[in-house]
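Right, one structure below, let's go through it.
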Amino acid sequence: MKYYLYVLAGACSFGLLSTFVKKAYESGFHVGDVVGSQNLFGVLMMWILVLVTSKSARGNSSTTTKYRVSPRQALTLMAVGTTSGLTGILYYAALQYISASFAIILLFQFTWMGILLEAIMERKLPAKDKLISLFILFVGIIMASGYLKGGHETPSWLGIILGLLSALTYALFIAFSGKVSSDVAPITRSAIMQSGSLILVMLVFPPHFLFNGSLHEELLPWALLLAFFGVVIPPLFFAIGVPRIGGGMATIMSAAELPTAVIMSFVVLNESVNGLQWLGIIVTMFGIALPELMKRSKRLLLN
């Protein structure tokens, strides 16, 4: 059960990010500042954690070996990490062209993309409980997004493409993060993956924020919050939980990001959330819990 909670907590951490990003945008910062500073400070935090945990593990040979990686493993993990960086770049860029409510619908297409990826990789059809849960999640996500309220302008095709690409890269990250070098300590795996993400982000958005005084203004607090909840917690918790529960179930559990994002926007940003959206949150949470509920009911019937 604890591994489900790890993935759930990682997803909820992702759900906090949109609120922090909006606050950073309100302060006058742009995509490059936000994504770049988030990844830089996140990677620094991750490597500090690696140093602390590996130092405490010295003396235990079986534990110490988990912190060692070969050059090939490191390159593979960094390649997987680029999908995390791409998700942030694409999603934050999409928000420049389409509304947040529509963007989150596009991002959450990762649910069916993730189930499809798992089916392709394992060469078998998804289980019945996953398909039912996926349908419920889709309904709940549409309701919770607020897009059914109407009155939305015709969205930009560029925004749609960017949003769908962010969903694909997110699904790829979830699918591969638990399969690559699973014998390496999760904290080390996460640090290396996020290092790959940082390199990609710095290539796309050169770190001007380091020299133009942005960090001395209001960027630093948002960068630290985004780094902790966007770079440190989710990859680390996914690295711990995904190998234990599987990519398909992790994809379903990750839908908890949406209710978190809606609740944060209501509490912190004072955005209006109507009854249909609250109902959508409830439906989404039910969809997340359904596979586990079905498993438990089967066990009771068998016993």
Worksheet item: Residue by residue, what Karplus-based ³J(HN,Hα) values in Hz, rounded to whole numbers, does the stretch 113-118 have, using 6.51, -1.76 and 1.60 with θ = phi - 60° and x for Gly and Pro?
Response: 5, x, 5, 5, 4, 5
Worksheet item: At a Förster distance of 41 Å, what's the computed FRET efficiency of residue 294 paired with residue 48, Cβ-Cβ distance as r, to 0.05?
Response: 0.50
Discussion item. Per residue, how much accessible surface does the chain expose to a 1.4 Å probe? Answer in Å², no decimals.
Written reply: 47 Å²
Discussion item. Quick check: convex hull of the Cα atoms in the stretch 158-240, volume per residue, rounded to a whole Å³?
Written reply: 116 Å³
Worksheet item: Considering only protein heavy atoms and a 1.4 Å probe, what is the carbon-and-sulfur percentage of the accessible area of the chain?
Response: 68 percent
Worksheet, complete the sentence: Projected onto the charge dipole of the chain (unit charges on the beta-carbon of Lys, Arg, Asp and Glu, signs +1, +1, -1, -1), the Cα from 213, 158, 27 with the largest positive-side position is that of 158
Worksheet item: Whole-Hz Karplus ³J(HN,Hα) for the stretch 258-266, in order, using 6.51 cos²θ - 1.76 cosθ + 1.60 and θ = phi - 60°, x for Gly and Pro?
Response: 5, x, 4, 5, 5, 5, 5, 5, 6
Worksheet item: So how long is each side of the stretch 213-303 along the principal axes, counting just the alpha-carbon atoms, biggest first, in Å?
Response: 64, 36, 16
Practice prompt. Find how many whole Å separate the alpha carbon centroid of the stretch 180-224 from the alpha carbon centroid of the stretch 227-293.
Written response: 23 Å
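For the chain, what is the charge dipole size about the Cα centre, in debye to the nearest 20, if Lys and Arg each add +1 at the Cβ and Asp and Glu each add -1 at the Cβ?
Rounded to the nearest 20 debye, it is 1360 debye.
In square nanometres, what is the average projected area of the Cα convex hull of the stretch 193-261? If you can, show how the numbers build up before the last one.
Working: hull surface 23.6 nm².
Projected over every direction and averaged, the Cα hull of the stretch 193-261 covers 5.9 nm².
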Worksheet entry | Per-selection metrics, the chain (Cα): Rg and Dmax in Å | 19.2, 66
Worksheet item: How big is D for the stretch 149-303, in µm² s⁻¹ as a whole number, if Stokes-Einstein is applied with the Kirkwood radius of its Cα pairs at 10 °C and 1.306 mPa s?
Response: 84 µm²/s
Practice prompt. Among 120, 142, 266, flag the residue with its Cα farthest along the positive direction of the charge dipole of the chain, charges on Cβ as +1 for Lys/Arg and -1 for Asp/Glu.
Written response: 120
Worksheet item: Based on DSSP H runs of at least 4 residues, each adding -39500 (n - 2.57), what is the mean residue ellipticity at 222 nm of the chain after dividing by all its residues, to the nearest 500 deg cm²/dmol?
Response: -25000 deg cm²/dmol
Discussion item. Among 239, 250, 293, whose Cα projects farthest towards the positive end of the dipole of the stretch 237-303, with charges put on the beta-carbon of Lys, Arg (+1) and Asp, Glu (-1)?
Written reply: 293
Discussion item. Residues of the stretch 199-243 with backbone nitrogen within less than 20 Å of a virtual label 7 Å along the Cα-to-Cβ line of residue 161, please, listed as ranges.
Written reply: 204-205
Discussion item. Only Cα pairs within less than 10 Å get springs; with that Gaussian network setup on the chain, which residue of 118, 218, 26 has the largest fluctuation?
Written reply: 26
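The values are calculated or read from the model by the stated rules, or taken from the named source; none is laboratory data. Because the structure is a prediction, the values reported are computed rather than measured. Cβ coordinates were reconstructed from backbone atoms using ideal geometry, including for glycine residues, and neighbour counts include every protein chain displayed. Just so you know, the surface numbers come from the protein's heavy atoms only, side chains and all, with ligands and any DNA or RNA stripped out. Shrake-Rupley method; radii C 1.70, N 1.55, O 1.52, S 1.80 Å.
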